[in-house]
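**Student:** Mind looking over this structure? Questions follow.
Since every read-out is calculated from the coordinates, none of them should be taken as a lab result. The model shown is predicted, which means the values in this text are computed figures rather than measured ones. A quick note on method: Cβ atoms are made from the backbone with ideal geometry, for glycine too, and the neighbour counts reach across all protein chains shown.
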Amino acid sequence: MWKEDLTICQLMVIFWLLTFFTPPVTSVKHIYIETYGCQMNVADSEVVMGIMHNRGYRITKQISQADVILVNTCSVRENAEQRIFGRLGHFRRYKRQNPGVVIGMLGCMAERLRSKLMEEESIVDVVVGPDEYRKLPGLVESAANGTKGIAVKLSRVENYDDIIPLRTDGISAWISVMRGCDKFCTFCIVPFTRGRERSRSVTNIVGEVEELSTRGFKEVALLGQNVNSYHDGEYDFADLLANIAGVNQSIRVRFTTSHPQGMSDKLLGTIARYNNICNHIHLPVQSGSDRILELMNRTYTSEHYRNLVKKIKSTIRNVSLSTDIIAGFPTETEDDHRMTLDLLEEIRYNGAFMFKYSPRENTPAFKMGDSIPDEVKVRRLNEIIELQQRISRENNQTLIGHTMEVLVEGESKKSKENWTGRTDTNKVVVFPKENSEVGDYVWVKISSATSATLFGEVVNAAGERLSSAAERAAVVFPDSVQTILDQADG
Ligand code: SAH
Ligand code: SF4
Ligand code: F3S
């Protein structure tokens, strides 16, 4: 044996070499991450966790265990940034007690404020923009050794297509299918913080959905600032949707956000054709006034939008629409505001995100001046909110007595006895748990409604209240009704 031929001296040399080249045994480092802003940021945080996990970091939900604190930030409106600055105050106290902890700012605010963030906030060690997350492990390691770092270059190609996001098991997954935005609406900071549009490959996205399917996920939401601009070579967004819908019939496919420019007939036809593509389109209009739409550079008129909505409603049965509205854009008159209210009244959206205009430095609208006084903006916003709440309530009340298919998502916040879930039209439904489980599709008969929530009880598809366990099982697994009834009978 060769070992027996070694001298003591040789053994000592080997021992020395081994101790020199083996890295010291360090305890595993933990990362705590907080995410602000849109769903794309939620998906990005999963990419970040994937990258850091591959480098040996572990994720913690307890800030007290964290060696690294990451804040994935949003810049879309002033108050989004103010909230994050407020949160930094909390982290400052934490860092005082734990000086070794590394604090990193990621996302849109990191991109917008860059080194200013580090200069003004002494606790920030690392600043990384949305296209530079691959550099994060190196920057965090340097920061742990005392060298602060920044990486904020935007890319025309980075789409993290090869990174497997770190997701906890569940039933719904966000999937970014494209990044960036080329629309340059004059009020919007996103093109400056996220860069130009680029899409991931159909093959990799479909592969991700297949993997989620084997893990038991029941819903995927495809994300992009402007999903209908998606393209991978000859494939457009309709092709992507069709491919994903084909992976597993029991996986619902959602998508957001659609821009009113570029909702092709092919796309509408695809949504209508596949049962598991949800009948819900989030279609931000922003304003009902053509003059304001032009100043916003939205590239459509209110007439184009109205015609599109007509086409959507005639192509997709029972479609539900939601929107985004901005109140108090520069120079908005009472007449412009009235046109927005009229449009809401006419289209009768099922929901809306409604915002007060917030000037963002370096956007074209910033140069138009913030001409509408705050109290006028607030009053207009309140009028919009009040009107939309009434419309949402009225829409929901027409559903009383209807039976709707609901994907069970989790426990209701208000009662442990109830589940909460959503219809494919994206309506929230709360109902007693009975025998159903998270991830089941159940039929719920609606008995009451508010502007935000439907309430009901589990029934069979014909609308009758369940009486036996076998019937309940049949509803829970609609694809295998006969098998389950057979088993129950046996
Ligand atoms: N890409 C999507 C949404 C992006 S941001 C789209 O095109 O619709 C989400 C919403 O925030 C926008 O639709 C808009 O209503 C709102 N928003 C963006 N910038 C804003 C600003 N400066 N002030 C107020 N609201 C803003
Ligand atoms: Fe912003 Fe307009 Fe792009 Fe939406 S489409 S992200 S509002 S620039
Ligand atoms: Fe905010 Fe950036 Fe999303 S600005 S809304 S986190 S794209």
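**Student:** Given Cα pairs under 8 Å that are at least 6 residues apart, what percent is the relative contact order of segment 289-397?
**Tutor:** Answer for segment 289-397 is 30 percent.
**Student:** A further question follows. Neighbouring Cβ atoms within 10 Å as the yardstick, rank Thr147, Thr60 fewest first.
**Tutor:** Thr147, Thr60
**Student:** Need the C-alpha centroid separation for segment 409-425 versus segment 201-255, integer Å.
**Tutor:** Distance between centres, Cα-based: 25 Å.
**Student:** On to the next question. If packing is taken as the average number of other Cβ atoms within 10 Å across a peptide's residues, how do 289-297, 221-229, 447-455 rank, most packed first?
**Tutor:** Details: 289-297: 18.8, 221-229: 21.4, 447-455: 16.0.
Ranked by mean Cβ neighbours within 10 Å, highest first: 221-229, 289-297, 447-455.
**Student:** If you don't mind, another one. Given R₀ = 45 Å, FRET efficiency for Asn418-His53 by Cβ-Cβ distance, to 0.05?
**Tutor:** 0.85
**Student:** Still on this structure: Shape of segment 30-151 from its Cα gyration tensor (a ≥ b ≥ c, root eigenvalues): rounded if a/c is under 1.5, otherwise prolate when a/b > b/c, or oblate?
**Tutor:** It comes out rounded by the Cα gyration axes.
**Student:** Over what distance in Å are the Cα centres of segment 112-145 and segment 258-274 separated?
**Tutor:** 40
**Student:** Let me ask something else about it. Would you list, by chain and number, the lysines whose Cα falls below 22 Å from the Cα of Lys313, excluding same-chain residues fewer than 8 positions away?
**Tutor:** Candidates past the 8-residue exclusion: Lys266, Lys427.
**Student:** Amide H of Glu457 versus every other amide H placed in the peptide plane: which residues, excluding those fewer than 5 positions away on the same chain, fall under 5 Å?
**Tutor:** Lys445, Ser447
**Student:** Another one. Starting at the first residue of segment 146-163, write each ³J(HN,Hα) from the Karplus equation 6.51 cos²θ - 1.76 cosθ + 1.60 with θ = phi - 60°, in whole Hz, x for Gly and Pro.
**Tutor:** Karplus values, whole Hz, x for Gly and Pro: x, 10, 6, x, 9, 8, 9, 6, 8, 10, 8, 10, 4, 9, 6, 4, 8, 8.
**Student:** Compute the separation of the alpha-carbon centres of segment 45-89 and segment 333-362 and state it in Å as a whole number.
**Tutor:** Spelled out, the Cα-based centre of one part sits 32 Å from the other.
**Student:** Can you sort Lys367, Lys218, Lys313 by how many other beta carbons sit within 10 Å, fewest first? Don't jump to the answer; show the numbers that get you there.
**Tutor:** Details: Lys367 10, Lys218 22, Lys313 13.
The most exposed by this proxy come first: Lys367, Lys313, Lys218.
**Student:** Can you run phi through the Karplus equation (6.51, -1.76, 1.60; θ = phi - 60°) for segment 282-294 and list ³J(HN,Hα) in whole Hz, with x for Gly and Pro?
**Tutor:** Coupling constants for segment 282-294: 8, 10, x, 9, 6, 7, x, 9, 4, 4, 5, 4, 5 Hz.
**Student:** Just to be sure I understand: if I project the alpha-carbon convex hull of the chain onto a plane and average over all orientations, what area do I get in nm²? Kindly include the intermediate steps, with their values, before the conclusion.
**Tutor:** Details: hull surface 127.5 nm².
Over all viewing directions, the chain projects a mean Cα-hull area of 31.9 nm².
**Student:** Separate question: Determine the calculated [θ] at 222 nm for the chain from helices alone, applying -39500 (n - 2.57) to every DSSP H run no shorter than 4 residues and normalising by the residue count; nearest 500 deg cm²/dmol.
**Tutor:** Calculated mean residue ellipticity at 222 nm is -11500 deg cm²/dmol.
**Student:** Search the structure for amide H atoms under 5 Å from the amide H of Phe255, placed 1.01 Å from N in the peptide plane, and list their residues when 5 or more places away or on another chain.
**Tutor:** Amide H neighbours of Phe255, under 5 Å, 5+ apart: Leu222.
**Student:** Given segment 88-227, what percent of its DSSP beta bridges are antiparallel, to the nearest 5?
**Tutor:** Among the beta bridges of segment 88-227, antiparallel pairing accounts for roughly 15 percent.
**Student:** Another one. Where both residues lie in segment 206-291, what percent of DSSP beta bridges are antiparallel, nearest 5?
**Tutor:** 25
**Student:** In addition: Sort Ile372, Ile400 so that the residue with the fewest other Cβ atoms within 10 Å of its own Cβ comes first and the one with the most comes last.
**Tutor:** Lowest count first: Ile400, Ile372.
**Student:** State the antiparallel share, in %, of DSSP beta bridges confined to the chain, rounding to the nearest 5.
**Tutor:** Counting DSSP beta bridges with both partners in the chain, the antiparallel share is about 35 percent.
**Student:** Among the listed pairs Lys116/Lys148; Lys61/Lys95; Lys29/Lys135; Lys413/Lys445; Lys29/Lys116; Lys183/Lys367, give every one whose C-alpha distance is greater than 23 Å.
**Tutor:** Exceeds cut-off: Lys29/Lys116.
**Student:** Hey, any idea what the orientation-averaged projected area of the convex hull of segment 167-278's Cα atoms comes to, in nm²?
**Tutor:** It is 7.2 nm².
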